[in-house]
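Asker: The structure that follows is given in the form of structure tokens.
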Amino acid sequence: MFEKLKQSFKNLVEKISSTGLSEKDLDPLIWDLQIQLISNDVSVQVAEKICEELKNRLIGQEAPRFGDKSSTVKKALKESIEAVMMNKNQIDLLNMISESKKKTETFVIMFVGINGTGKTTTIAKFTKLLMKNGYTVVIASADTYRAGAIEQLEEHANRLDVKLIKHQYGSDAAAVGFDAVQHAKAKGIDVVLIDTAGRMQTNRNLMDELIKIKRVVKPNLTIMILDSLIGNDATEQALTFNASVGFDAAILTKVDADAKGGSSLSVSYLTDKPIIYIGVGQGYDDLQPFNSHWFAEKLLQD
């Protein structure tokens with residue numbers, strides 16, 4: 001996980017540790033880091049910001065003149081990564097659902113993202129996570145466009161023993177979401193998870209459909225599912241969806257196979273939306289919380 005990005009940071013720590021902390025010493029090394037970040041799918045804007053944060057933290061720092069400076073460099077690098085990823089819109093989703101349940105209200109989550117990102121599997125993982133935390137769940141199959149989408153979600157629902165609300169292919173996706181919410185309210189179910197269609201983000205019809213679902217269902221939260229392996233494309237998808245439909249938080253999938261890690265750094269900074277979970281495998285339990293402290297620690301592990 002993130003092997004290439006980790007190696008870039010390790011190389012930087014070693015190089016700076018063997019030189020001084022003056023601007024003259026740092027400039028060529030930090031420039032090299034910026035190039036390395038961009039080559040690992042970090043957006044140019046985010047790469048520049050990390051390097052700016054790092055330079056500001058290192059110049060003039062007191063460090064052993066002849067001793068090991070690596071701890072000083074690592075601390076500055078960790079703080080720089082966290083500063084870029086720190087998001088004022090932090091979301092504690094399980095706490096939000098808990099507060100909703102106390103009010104005996106149904107909490108509705110709408111999932112968006114293009115086909116192939118692992119959206120349906122992520123919804124199944126999230127269902128399992130909610131059930132482990134004591135919440136009841138109903139799933140809505142509002143992707144009435146892609147062949148096999150309903151059957152795929154139904155398979156997960158059967159395995160997890162939860163109710164699936166579905167209509168026929170070609171039917172109104174917003175109506176599916178609406179029916180799921182009404183069912184949940186009637187049955188006292190805690191959470192509704194709505195799967196949606198995932199045609200390419202440039203498809204105007206898809207965006208209009210998603211906007212309609214959102215208007216009809218009025219979800220408490222909209223979550224964008226992004227494939228970490230597609231790098232800068234993930235950031236472009238996030239920006240496009242956010243501008244057209246709007247979302248509140250992101251989940252990154254396939255992170256266990258992501259050698260670069262650039263999308264993890266870029267998405268949150270450029271969209272101002274937090275990454276709340278990451279997918280780290282194919283099993284239902286392979287969904288783990290994500291935060292900037294964990295990510296920075298992971299990148300700087302020896």
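The rows are residues; the columns are (1) more than 17 Å from LYS119 (Cβ to Cβ); (2) surrounded by fewer than 16 Cβ atoms within 10 Å (Cβ to Cβ); (3) among the hydroxyl-bearing types (Ser, Thr, Tyr); (4) assigned by TED's automatic domain parsing to the domain that holds PHE247.
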residue: LEU153; (1), (2), (3), (4): no, no, no, yes
residue: LYS166; (1), (2), (3), (4): no, no, no, yes
residue: VAL181; (1), (2), (3), (4): yes, no, no, yes
residue: LYS187; (1), (2), (3), (4): yes, yes, no, yes
residue: GLY198; (1), (2), (3), (4): no, no, no, yes
residue: LEU206; (1), (2), (3), (4): no, no, no, yes
residue: ARG215; (1), (2), (3), (4): yes, yes, no, yes
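Asker: Residues of the range 118-140 being at pLDDT below 95 and under 19 Å from GLU209 (Cα atoms), which ones?
Answerer: Scanning the range 118-140 gives LYS119, THR120.
Asker: Does any residue in the range 73-89 that is basic (Lys, Arg) come within less than 8 Å, Cβ to Cβ, of a residue that is at pLDDT below 85 six or more places away or on a different chain, and which pairs are these?
Answerer: From the range 73-89, the pairs are LYS74/VAL13; LYS74/LEU300; LYS78/ALA296; LYS78/GLU297; LYS78/LEU300.
Asker: Looking at (1) crowded, with 19+ Cβ neighbours inside 10 Å; (2) outside any helix (DSSP H, G or I), can you tell me which one ALA147 breaks?
Answerer: It is condition (1) that ALA147 fails.
Asker: Has the range 256-264 got any residue that is within 27 Å of ASP208 (Cβ to Cβ), over 10 Å from the mean Cα position of the chain (by Cα) and not in a loop (DSSP other than H, G, I, E, B)?
Answerer: Looking for residues that are within 27 Å of ASP208 (Cβ to Cβ), over 10 Å from the mean Cα position of the chain (by Cα) and not in a loop (DSSP other than H, G, I, E, B), one finds none in the range 256-264, hence no.
Asker: Something else now. What are the residues in the range 66-102 that are under 14 Å from the mean Cα position of the chain (by Cα) and not in a helix (DSSP H, G or I), if any?
Answerer: Listed by number, the residues that qualify are MET86, ASN87, ASN89, GLN90, ILE91, ASP92.
Asker: Please find, among LEU54, LEU93, LEU77, the residue that is under 30 Å from ILE165 (Cα atoms) and at pLDDT 85 or above.
Answerer: Just one listed residue meets the conditions, LEU93.
Asker: Separate question: Being outside any loop (DSSP other than H, G, I, E, B) and either more than 29 Å from SER228 (Cα to Cα) or hydroxyl-bearing (Ser, Thr, Tyr) (or both) is the filter here, so list the residues in the range 16-47 that pass it.
Answerer: Residues satisfying the conditions are ILE16, SER17, GLU23, LYS24, ASP25, LEU26, ASP27, PRO28, SER39.
Asker: Considering the range 210-219 alone, what residues qualify as being part of a helix (DSSP H, G or I) and touching a residue at least 60 places away in the same chain (Cβ under 8 Å)?
Answerer: LEU210, ILE213, LYS214, VAL217 - these are the residues of the range 210-219 that are part of a helix (DSSP H, G or I) and touching a residue at least 60 places away in the same chain (Cβ under 8 Å).
Asker: Further question: Answer yes if at least one residue in the range 162-169 is within 25 Å of ILE211 (Cβ to Cβ) and either in a strand (DSSP E or B) or touching a residue at least 60 places away in the same chain (Cβ under 8 Å) (or both), and no otherwise.
Answerer: Yes: one or more hits.
Asker: Shifting gears a bit: Just need a number here: residues in the range 121-151 that are out of contact with any Lys or Arg (no Cβ under 9 Å at 6 or more places or on another chain) and among the polar types (S, T, N, Q).
Answerer: Total meeting the criteria: 4.
Asker: Please state which of the following conditions GLU105 fails to meet, knowing it meets all the rest: (1) over 22 Å from SER263 (Cα atoms); (2) modelled with pLDDT of 85 or more; (3) part of a helix (DSSP H, G or I).
Answerer: That leaves (3) as the condition not met.
Yes/no per residue for (1) small (Gly, Ala, Ser); (2) modelled with pLDDT of 95 or more; (3) touching a strand residue (DSSP E or B) at 6+ places or on another chain (Cβ under 7 Å):
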| position | (1), (2), (3) |
| --- | --- |
| ARG146 | no, no, no |
| LEU164 | no, yes, yes |
| GLY170 | yes, no, no |
| ALA180 | yes, yes, yes |
| ASN203 | no, no, no |
| MET207 | no, no, no |
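Asker: Moving on to the next point. Would you confirm whether any residue within the range 220-238 is of a type in the set (Asp, Glu), assigned to a loop (DSSP other than H, G, I, E, B), surrounded by fewer than 21 Cβ atoms within 10 Å (Cβ to Cβ) and not assigned by TED's automatic domain parsing to the domain that holds SER39?
Answerer: Checking the range 220-238: not a single residue is of a type in the set (Asp, Glu), assigned to a loop (DSSP other than H, G, I, E, B), surrounded by fewer than 21 Cβ atoms within 10 Å (Cβ to Cβ) and not assigned by TED's automatic domain parsing to the domain that holds SER39.
Asker: Now for a separate question. List the number of the failed condition for LEU77; all other conditions in (1) over 20 Å from PHE241 (Cβ atoms); (2) touching a Lys or Arg at 6+ places or on another chain (Cβ under 7 Å) hold.
Answerer: (2)
The values are calculated or read from the model by the stated rules, or taken from the named source; none is laboratory data. No experiment lies behind these values; they were computed from the predicted model shown. For neighbour counting, all protein chains shown are included, and Cβ atoms are generated from backbone atoms with ideal geometry for every residue, glycine included.
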